[in-house]
Amino acid sequence: MDDELNALRRTRMRWNTPLSEAHAELLLDRMDLGAGHLADLGCGWGELLLRAVGRTPGLRGTGVDTDEVSLARGRAAARERGLESRVEWAEADAATWDGVAERVFCIGAAHAFGSTKAALEGLARVVPAGGRLLYGDGFWAAPPSEAAKEIFGPDMLTLPGLLDVAGAAGWRVLHLSAADQLEWDDFESTSRAGWEGWLRDHPADPRAADVREWLDRRLREYVRDYRGVLGLTYLVLGR
Ligand SMILES: C[S@@+](CC[C@H](N)C(=O)[O-])C[C@H]1O[C@@H](n2cnc3c(N)ncnc32)[C@H](O)[C@@H]1O
């Protein structure tokens, strides 16, 4: 699908992860934010980063992502909220970003490092002792079907398995939560809503058949293969 349609698909999403407003506020509280540096690795358009900086005097942010369309959305949102002098954006690979920050977010972006294990080990080099990491990652909340394993790959862990990997990488779990069903259903629905609206307005567009096919497949896979099976945990980790 072309860049224009790809950008449009996510326009109805608040952020690119199953997360309610209230849950986001709780996680920001648990991150114990203060003056200093917050890096968001695999930030997308950096909505949570902007909220963190916006509510914390003296905190400056860096959003790192490889997707220039998402970064442009983040830059525009920072400008609208008067935060452009406090947030910088880097079009860069999260896994090789060589900065250090006392507070780090890495949500839904473990694949940038290659695996959950590689992400948790790599992030331990970014966060100094005494710092905190908000780490969001998928896990099997129920035994997956072959179809679910096919979609999400062979490396997905259970939650106990994920905690073992975090512990082995030197992290202490300071707070644990997981997306609930309403957060998941809202995430899936908003991730489809941009294209559903486009399809309604452009039924004769040559791309419409592909868009409809993608939307139908995504909804079918969600309800048949991974609703209630794929979880998303948010861990506030300390070192
Ligand atoms: C599921 S989205 C999550 C975005 C954001 N953390 C959020 O919660 O809204 C994963 C993000 O990782 C980014 N990404 C993928 N590979 C990357 C890499 N090697 N370096 C940096 N970002 C990467 C994608 O562009 C995408 O924005």
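The values are calculated or read from the model by the stated rules, or taken from the named source; none is laboratory data. Bear in mind that the values here come from a model prediction, so they are computed numbers and not experimental data. Ideal geometry is used to build each Cβ from the backbone, glycine not excepted, and the neighbour counts take in all protein chains shown. Only protein heavy atoms, including side chains, enter the accessible area calculation; ligands, DNA and RNA are left aside. Shrake-Rupley method; radii C 1.70, N 1.55, O 1.52, S 1.80 Å.
Does Gly46 qualify as being open to solvent by less than 10 Å² (accessible area, probe 1.4 Å), near the ligand (Cβ under 10 Å from one of its atoms) and on the phi > 0 side of the Ramachandran plot?
When the stated conditions are applied, Gly46 passes them.
Regarding Leu28, is this residue closer than 14 Å to Val104 by Cα, part of a helix (DSSP H, G or I) and hydrophobic (A, V, I, L, M, F, W, C)? Break it down stepwise before answering.
On the way: closer than 14 Å to Val104 by Cα: yes; part of a helix (DSSP H, G or I): yes; hydrophobic (A, V, I, L, M, F, W, C): yes.
In short, yes.
Return the total of residues in segment 44-80 being closer than 22 Å to Asp32 by Cα and of a type in the set (Lys, Arg).
3
Within segment 148-198, which residues are among the hydrophobic types (A, V, I, L, M, F, W, C), outside any helix (DSSP H, G or I) and under 18 Å from the mean Cα position of the chain (by Cα)?
Met156, Leu157, Leu176, Ala178, Ala179
Is it the case that some residue within segment 139-152 is in contact (Cβ under 8 Å) with a residue 12 or more places away in the chain and among the charged types (D, E, K, R)?
Taking every residue of segment 139-152 in turn, none turns out to be in contact (Cβ under 8 Å) with a residue 12 or more places away in the chain and among the charged types (D, E, K, R).
Could you check how many residues of segment 50-66 are surrounded by fewer than 16 Cβ atoms within 10 Å (Cβ to Cβ) and within 14 Å of the ligand (Cβ to nearest atom)?
1
If the requirement is being open to solvent by 20 Å² or more (accessible area, probe 1.4 Å) and assigned to a strand (DSSP E or B), which of these qualifies: Ala7, Ala90?
Sole residue among the options that is open to solvent by 20 Å² or more (accessible area, probe 1.4 Å) and assigned to a strand (DSSP E or B): Ala90.
Could you list, in sequence order, all residues of segment 180-239 that are under 24 Å from Thr116 (Cβ atoms) and open to solvent by 30 Å² or more (accessible area, probe 1.4 Å)?
Answer for segment 180-239, where residues must be under 24 Å from Thr116 (Cβ atoms) and open to solvent by 30 Å² or more (accessible area, probe 1.4 Å): Asp180, Gln181, Arg218, Glu221, Arg227, Gly228, Arg239.
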